1. Go through region 60-117 and give me each residue that's assigned to a loop (DSSP other than H, G, I, E, B) and under 22 Å from ASN174 (Cα atoms).
2. Could you grab me the full set of residues in region 161-178 that are without any contact (Cβ under 8 Å) to a residue 60 or more places away in the chain and within 25 Å of GLU122 (Cβ to Cβ)?
3. With the condition kept exactly as written, say whether any residue in region 23-30 is open to solvent by 80 Å² or more (accessible area, probe 1.4 Å), at pLDDT 95 or above and touching a helix residue (DSSP H, G or I) at 6+ places or on another chain (Cβ under 9 Å).
4. Scan region 76-110 residue by residue and report those that are surrounded by 14 or more Cβ atoms within 10 Å (Cβ to Cβ), among the basic types (Lys, Arg) and over 20 Å from THR128 (Cα atoms).
5. Do you know which residues across region 121-166 are surrounded by 19 or more Cβ atoms within 10 Å (Cβ to Cβ) and among the hydroxyl-bearing types (Ser, Thr, Tyr)?
6. Can we say GLU88 is more than 30 Å from THR120 (Cα to Cα) and modelled with pLDDT under 95?
7. Starting from region 36-55, keep only residues that are among the polar types (S, T, N, Q), then list their pairs with residues that are not in a helix (DSSP H, G or I) whose Cβ atoms are within a distance under 6 Å, requiring at least 6 positions of separation or different chains.
Amino acid sequence: MTSTIERTVEAPADGGAKTTRRQNAEKGFTASKQLTDDLQKVLVDLIELHLQGKQAHWNVVGKNFRDLHLQLDEIIDAAREFSDVVAERLRALHASPDGRSDTVAATTTLPEYPNGEVDTAETVDLITQRLEATVGTMREVHDEVDEEDPTSADILHAIIDKLEQFAWMVSAENRTPNRAK
């Protein structure tokens, strides 16, 4: 008997065990090459943001070190989680995400992060730039993504919202008040 959940395949003539194949999303929506490429661009920037965030986290020094050190942890955790969400979305759309280090290094839009100790004020600027660059990639591909797959666009919306909030919060460390006159 065949159900909507699973289908039993009769035992082979040689007396081997029965196998069961479950129906799943394998027959669902499949991403076009363009959608796959767009989500891959987002993925590599999120992975690179995570890696550069760790580099910053390990090497930041100066005033307000502890607060920035902890704030970088929040950004790193979010970037890592977001990269996983995007990679799993690619898999759900029958595409293969490529998060290998050589692919990330060759295709990210983020500039290289400096080596060695970096002052907190400079770290704030560097991380803000990288957050904004990652958001820029998402905004660049957004309309194409939305046209083909609004569900993937919704994922981008949520990530953009959080990364822009991080950029605002981090950059506030170096801002001077804009006093109304």
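The values are calculated or read from the model by the stated rules, or taken from the named source; none is laboratory data. Being a predicted model, the structure only gives us computed values, none of them experimental. Counting neighbours? That spans all protein chains shown, and the Cβs are built from the backbone with ideal geometry, glycine included. Note: accessible area is taken over every heavy atom of the protein model, side chains too, but ligands, DNA and RNA are not part of it. Shrake-Rupley method; radii C 1.70, N 1.55, O 1.52, S 1.80 Å.
1. So the first thing to find is which residues in region 60-117 are assigned to a loop (DSSP other than H, G, I, E, B), and the list is 62-64, 93-100, 108-117.
Those that are assigned to a loop (DSSP other than H, G, I, E, B) and under 22 Å from ASN174 (Cα atoms): GLY62, LYS63, ASN64, LEU110, PRO111, GLU112, TYR113, PRO114, ASN115, GLY116, GLU117.
2. Of all residues in region 161-178, those without any contact (Cβ under 8 Å) to a residue 60 or more places away in the chain come to 161, 164-165, 167-168, 171-172, 174-178.
The answer is GLU164, GLN165, ALA167, TRP168, SER171, ALA172, ASN174, ARG175, THR176, PRO177, ASN178.
3. Checking region 23-30: not a single residue is open to solvent by 80 Å² or more (accessible area, probe 1.4 Å), at pLDDT 95 or above and touching a helix residue (DSSP H, G or I) at 6+ places or on another chain (Cβ under 9 Å).
4. ARG89
5. Matches in region 121-166: THR123, THR128, THR134, THR137, SER152.
6. Values: more than 30 Å from THR120 (Cα to Cα): yes; modelled with pLDDT under 95: no.
Judged against the criteria, GLU88 is not a match.
7. From residues that are among the polar types (S, T, N, Q), the pairs are THR36/ALA95; GLN52/TYR113; GLN55/TYR113.
For (1) under 17 Å from ASP38 (Cα atoms); (2) among the polar types (S, T, N, Q), each residue gets a yes or a no:
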{"position": "GLN71", "(1), (2)": "no, yes"}
{"position": "GLU74", "(1), (2)": "no, no"}
{"position": "ARG80", "(1), (2)": "no, no"}
{"position": "SER83", "(1), (2)": "yes, yes"}
{"position": "VAL86", "(1), (2)": "yes, no"}
{"position": "ARG89", "(1), (2)": "yes, no"}
{"position": "SER101", "(1), (2)": "no, yes"}
{"position": "ASN115", "(1), (2)": "no, yes"}
{"position": "VAL118", "(1), (2)": "no, no"}
